[in-house]
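Visitor: Sharing a structure below in structure tokens format, with a few things to ask.
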Amino acid sequence: MIVMAGLLCSAVAAQAAIRLGRPVVHVGPHALIVRLSPSRHIVWRSFSLNGPARIVVDLHGVTLPGGRAVWPEHIGPLKDIRAFAHRDGMVRLVLDLTAKAPYEIDALPGGLTVSLAGAPPPGAHPVAADPPVAAPAPISAPAAPPDIVIAVDPGHGGVDTGACGIDHICEKNVVLRIGRDLAALIDATPGFHAFMTRTGDYYVPLRERVALAQEHHAAAFISIHANALPEPEGMDVRGAEVFILSQHGVTREARWLARSENAADRSGGLHFGAGGGFLHDILLNMTQNGTRRASYDLADDVLKELHTIGPVHVDHVEKANFMVLLSPTIPSILIETAFISNPHEALRLNSPAYDEHIAHAVWEGIMRDAPRLRARLGMPPGPRLYVVREGETLSGIAQRFHVSIAALRAANGLRGGILQAGASLRIPSG
């Protein structure tokens with residue numbers, strides 16, 4: 001059984017690929033420290049596997065001389081470390097273990113490190129030429145992060161390009177850019193943290209995206225896509241759509257779209273049939289714990305905000321059996337930002353400025369829903385936050401949210417009338 005342990009990322013790799021040498025192993029008082037790379041500025045993800053126990057770390061922007069290596073260790077829970085060139089230009093490291101062990105990955109000043117719980121007995125020190133890396137605090141089982149985590153899921157990636165439009169504008173690239181913009185807005189919001197299911201151009205199976213969101217204790221799951229329909233209809237249709245999971249009440253177009261998106265998953269194993277079965281059980285569970293209603297509320301808030309930046313294809317929340325929305329515990333929505341099959345909309349989607357507008361609208365939708373997200377987590381409501389856009393005024397923001405300028409000033413301790421683009425404003429209740 002695969003247990004996903006996380007998809008974590010650091011800053012984007014430097015332009016020149018990092019040369020990977022032999023990992024350096026150090027014995028700390030509380031953990032075994034394995035330094036994977038001398039640079040912490042790389043993109044990476046990790047997960048754990050059982051039968052046999054092992055930890056897998058995928059490194060992007062890294063080269064491995066010879067393309068394959070094995071380093072025996074036999075220290076504590078660590079048996080050996082294997083490395084090989086993997087798909088999409090990444091290097092995969094496998095830490096083979098004697099038994100499953102909790103672990104953490106950190107971008108420390110000494111480089112990217114894996115810390116394994118359960119240090120070996122005193123005196124069991126490996127030979128290493130490099131200076132030791134400072135050991136982190138004692139490791140325990142991962143706990144829920146203090147911030148509200150929003151899982152941002154840019155669809156497709158790697159060999160799966162998604163739909164492509166004019167001038168080879170492809171969905172996988174557009175939605176990754178929107179996802180990064182959205183994640184940056186979420187991370188800039190106090191009390192929130194963004195987790196991306198993919199941070200580069202590589203493919204992540206659909207079920208793995210759901211598992212990663214669950215492992216990171218996500219309070220909401222936002223899957224981002226760009227719509228498409230076959231010609232000639234796809235050349236003229238336009239606008240955004242927002243979906244939640246459903247087996248019934250699905251339009252013909254939604255069924256076609258869901259089949260198209262689900263077909264991208266090459267791992268197989270899950271199939272949606274008209275008779276119910278697995279999907280029926282998921283939906284029953286969601287109905288019982290309120291996740292379907294929470295998904296609808298979130299989708300409705302996001303759709304309202306998308307309506308402010310352009311036309312929507314359907315002016316209500318739609319339903320379809322998208323595999324990526326299968327979590328029974330996390331409110332999950334899928335956003336079709338625009339029709340990439342429409343040449344005009346494809347060119348707009350290829351504009352970073354327009355993608356920022358989309359990301360901002362989705363972020364505002366999430367902030368609309370924030371009080372309900374907090375309530376689901378048993379947290380106090382807290383103020384609504386708004387990120388100021390270029391050229392906006394205090395009076396315009398007050399009018400938009402139906403509050404007085406005086407109330408805005410008081411809630412944010414403002415004296416003057418000039419607002420800085422990118423600043424966060426607390427919006428008091430109207």
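The values are calculated or read from the model by the stated rules, or taken from the named source; none is laboratory data. It should be emphasised that the depicted structure is a prediction, and the values quoted were computed from it without experimental measurement. Ideal geometry is used to build each Cβ from the backbone, glycine not excepted, and the neighbour counts take in all protein chains shown.
Visitor: Quickly run through segment 187-207 and pick out the residues that are free of Cβ contacts under 8 Å to residues at least 24 places away in the same chain and not in a helix (DSSP H, G or I). Before the answer, list the steps.
Guide: The first filter runs over segment 187-207 and keeps only residues free of Cβ contacts under 8 Å to residues at least 24 places away in the same chain, leaving 187.
Correct list: empty.
Visitor: Sort through Arg207, Arg238, Arg198 and tell me the only one that's modelled with pLDDT under 90 and touching an Asp or Glu at 6+ places or on another chain (Cβ under 9 Å).
Guide: Arg207
Visitor: Exactly one of these conditions fails for Ala410: (1) assigned to a loop (DSSP other than H, G, I, E, B); (2) not assigned by TED's automatic domain parsing to the domain that holds Glu231. Give me its number.
Guide: With (1) assigned to a loop (DSSP other than H, G, I, E, B); (2) not assigned by TED's automatic domain parsing to the domain that holds Glu231 applied to Ala410, the lone miss is (1).
Yes/no matrix, rows are residues, columns are (1) farther than 28 Å from Glu364 by Cβ; (2) at pLDDT below 80; (3) buried (at least 22 other Cβ atoms within 10 Å of the Cβ); (4) not polar (S, T, N, Q):
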site: Val250; (1), (2), (3), (4): no, yes, no, yes
site: Gly275; (1), (2), (3), (4): yes, yes, no, yes
site: Leu279; (1), (2), (3), (4): yes, yes, no, yes
site: Gln288; (1), (2), (3), (4): yes, yes, no, no
site: Ile309; (1), (2), (3), (4): no, no, no, yes
site: Glu336; (1), (2), (3), (4): no, no, yes, yes
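Visitor: Let me ask another. I need every pair where a residue in segment 158-186 that is without any contact (Cβ under 8 Å) to a residue 40 or more places away in the chain has its Cβ under 7 Å from the Cβ of a residue that is part of a helix (DSSP H, G or I) and buried (at least 18 other Cβ atoms within 10 Å of the Cβ), sequence separation at least 6 or different chains.
Guide: Thr161/Glu171; Thr161/Lys172
Visitor: Does any residue of segment 366-375 turn out to be at positive phi and either surrounded by fewer than 18 Cβ atoms within 10 Å (Cβ to Cβ) or assigned to a helix (DSSP H, G or I) (or both)?
Guide: Initial filter on segment 366-375 (at positive phi): none.
No.
Visitor: In segment 35-79, what count of residues is obtained for those that are among the charged types (D, E, K, R), surrounded by 15 or more Cβ atoms within 10 Å (Cβ to Cβ) and within 30 Å of the chain's Cα centre (by Cα)?
Guide: Of the residues in segment 35-79, 5 are among the charged types (D, E, K, R), surrounded by 15 or more Cβ atoms within 10 Å (Cβ to Cβ) and within 30 Å of the chain's Cα centre (by Cα).
Visitor: Also, quick follow-up: May I ask you to list the residues in segment 56-94 that are among the small types (Gly, Ala, Ser) and in contact with a Lys or Arg (Cβ under 8 Å, 6 or more places away or on another chain)?
Guide: Within segment 56-94, the subset among the small types (Gly, Ala, Ser) is 61, 66-67, 69, 76, 83, 85, 89.
Of everything in segment 56-94, those that are among the small types (Gly, Ala, Ser) and in contact with a Lys or Arg (Cβ under 8 Å, 6 or more places away or on another chain) turn out to be Ala69, Ala83, Ala85.
Visitor: Only residues that are touching a residue at least 24 places away in the same chain (Cβ under 8 Å) and more than 18 Å from Ser424 (Cβ to Cβ): list them for segment 358-378, please. Walk me through it before giving the result.
Guide: Within segment 358-378, the subset touching a residue at least 24 places away in the same chain (Cβ under 8 Å) is 358-370, 372-374, 376-377.
Once the filter is applied, which keeps residues that are touching a residue at least 24 places away in the same chain (Cβ under 8 Å) and more than 18 Å from Ser424 (Cβ to Cβ), segment 358-378 yields Ile358, Arg372, Arg376, Leu377.
Visitor: Just name the residue that is farthest from the chain's Cα centre (by Cα) out of those in segment 291-335 that are among the small types (Gly, Ala, Ser) and under 18 Å from Ala213 (Cα atoms).
Guide: The residue in question is Ala294.
Visitor: Residues that are modelled with pLDDT under 85 and over 19 Å from Tyr202 (Cβ atoms): which strands (runs of 3 or more DSSP E) entirely in segment 36-116 hold 2 or more of them?
Guide: 68-75, 103-108
Visitor: Please tell me if His30 is under 25 Å from the mean Cα position of the chain (by Cα) and modelled with pLDDT under 80.
Guide: For His30, the condition - under 25 Å from the mean Cα position of the chain (by Cα) and modelled with pLDDT under 80 - is not met.
Visitor: Do you know which residues across segment 188-210 are aliphatic (A, V, I, L, M) and buried (at least 20 other Cβ atoms within 10 Å of the Cβ)?
Guide: Passing the criteria: Ala194, Met196, Val204, Leu206, Val210.
Visitor: How many residues are over 12 Å from the mean Cα position of the chain (by Cα) and either part of a strand (DSSP E or B) or on the phi > 0 side of the Ramachandran plot (or both) when one looks only at segment 218-244?
Guide: Going through segment 218-244 one residue at a time, the tally reaches 9.
Visitor: What number of residues in segment 338-357 are surrounded by fewer than 21 Cβ atoms within 10 Å (Cβ to Cβ), part of a loop (DSSP other than H, G, I, E, B) and in contact (Cβ under 8 Å) with a residue 12 or more places away in the chain?
Guide: Total meeting the criteria: 1.
Visitor: Which of the residues spanning segment 379-407 are in contact (Cβ under 8 Å) with a residue 40 or more places away in the chain and part of a loop (DSSP other than H, G, I, E, B)? Outline the logic, then answer.
Guide: Here is the first cut: in segment 379-407, the residues in contact (Cβ under 8 Å) with a residue 40 or more places away in the chain are 379, 382-387.
Selection gives Met379, Gly382, Pro383.
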